Amino acid sequence: MASLPQLTAPTLAEQAYNTLRQAILDGGLARGQKITERGLAEMLNISATPVREAVRRLEQDRLIERQGPRSVTIATFDDAEIADIATIETTLRALAARLAAERSTVAEQKRMAAALDAAATEHAALISRKRLSDRELQAGVDRIWGHLREFHEALDEACHSPMLLHMLRMAEAFDPGERREVLRDELRTDPAAVEGRYRHHEAIFEAVSTQDATRAEQLMLTHSHESALPRLRSRKA
């Protein structure tokens, strides 16, 4: 069999895909925004060829919709589609938790624990302040969000299933901005609800770390379902 060259770094197309995908998740590229491949290439300061490949992959992920030979729109989704995606993600996350309980390493469990500790510390510091500006609240939410994302990423990777990870990444890409908004609103109006989130995470971690796969799966199923409800309600408000 002929040998193939060894790749030591991501290609420009891979970098463009990752950067554009993250921009969609972060809201830098807004849902419904129309843009050309040339415009994306100029934003990234690269040629159109790797951008074209990145756009093809984002089309497959359903994050971008083709409007013409060289123009695209950042995809939008109606309430029914988002509800279906939430159901799919909930099921996938429960399976990932089961597999993580069966397969996670000590190092992976330490990573989960550290992320939860950091989130709890940040949350305690935030709610201890009586008055917060919108900027301070948003900064605090972003930090908590980052720690919770780290926990879920560590747990997901601990399932040691590349196929399941790929499917999860596709499902979770559709409404990250709404997740942050829900967390911000809850911190402002219902701190107890946020406290409940931590208890859910801690219980899931305990089940994973004690290799109780059935309990980890059920806890994650409940947690993911309850986490999705405020996002779905906010769309109908």
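The values are calculated or read from the model by the stated rules, or taken from the named source; none is laboratory data. It should be emphasised that the depicted structure is a prediction, and the values quoted were computed from it without experimental measurement. A quick note on method: Cβ atoms are made from the backbone with ideal geometry, for glycine too, and the neighbour counts reach across all protein chains shown.
For Ala41, indicate whether it is small (Gly, Ala, Ser) and closer than 30 Å to Ser209 by Cβ.
Here the answer is no, as Ala41 does not meet what is asked.
Tell me yes or no: at least one residue of the range 138-155 is touching a Lys or Arg at 6+ places or on another chain (Cβ under 6 Å), modelled with pLDDT under 85 and not assigned by TED's automatic domain parsing to the domain that holds Gly27.
Taking every residue of the range 138-155 in turn, at least one turns out to be touching a Lys or Arg at 6+ places or on another chain (Cβ under 6 Å), modelled with pLDDT under 85 and not assigned by TED's automatic domain parsing to the domain that holds Gly27.
So, Arg169, is that one basic (Lys, Arg), outside the structural domain of Arg62 (by TED's automatic domain parsing) and surrounded by fewer than 16 Cβ atoms within 10 Å (Cβ to Cβ) or not? Criteria met by Arg169.
Against the list (1) out of contact with any Asp or Glu (no Cβ under 9 Å at 6 or more places or on another chain); (2) surrounded by 15 or more Cβ atoms within 10 Å (Cβ to Cβ); (3) under 16 Å from Val208 (Cα atoms), the condition Val106 fails is (2). Checking each residue in the range 50-73 for being in contact (Cβ under 8 Å) with a residue 24 or more places away in the chain and part of a helix (DSSP H, G or I) picks out Pro50, Val51, Glu53, Ala54, Val55, Arg57, Leu58. Restricting Glu102, Glu108 to those that are assigned to a helix (DSSP H, G or I), in the same structural domain as Met220 (by TED's automatic domain parsing), in contact with a Cys (Cβ under 9 Å, 6 or more places away or on another chain) and not hydrophobic (A, V, I, L, M, F, W, C) reduces the list to Glu102.
Among the residues examined, Ile85 does not qualify as part of a helix (DSSP H, G or I), closer than 27 Å to Ala158 by Cβ, of a type in the set (Val, Ile, Thr) and in contact with a strand residue (DSSP E or B) (Cβ under 8 Å, 6 or more places away or on another chain).
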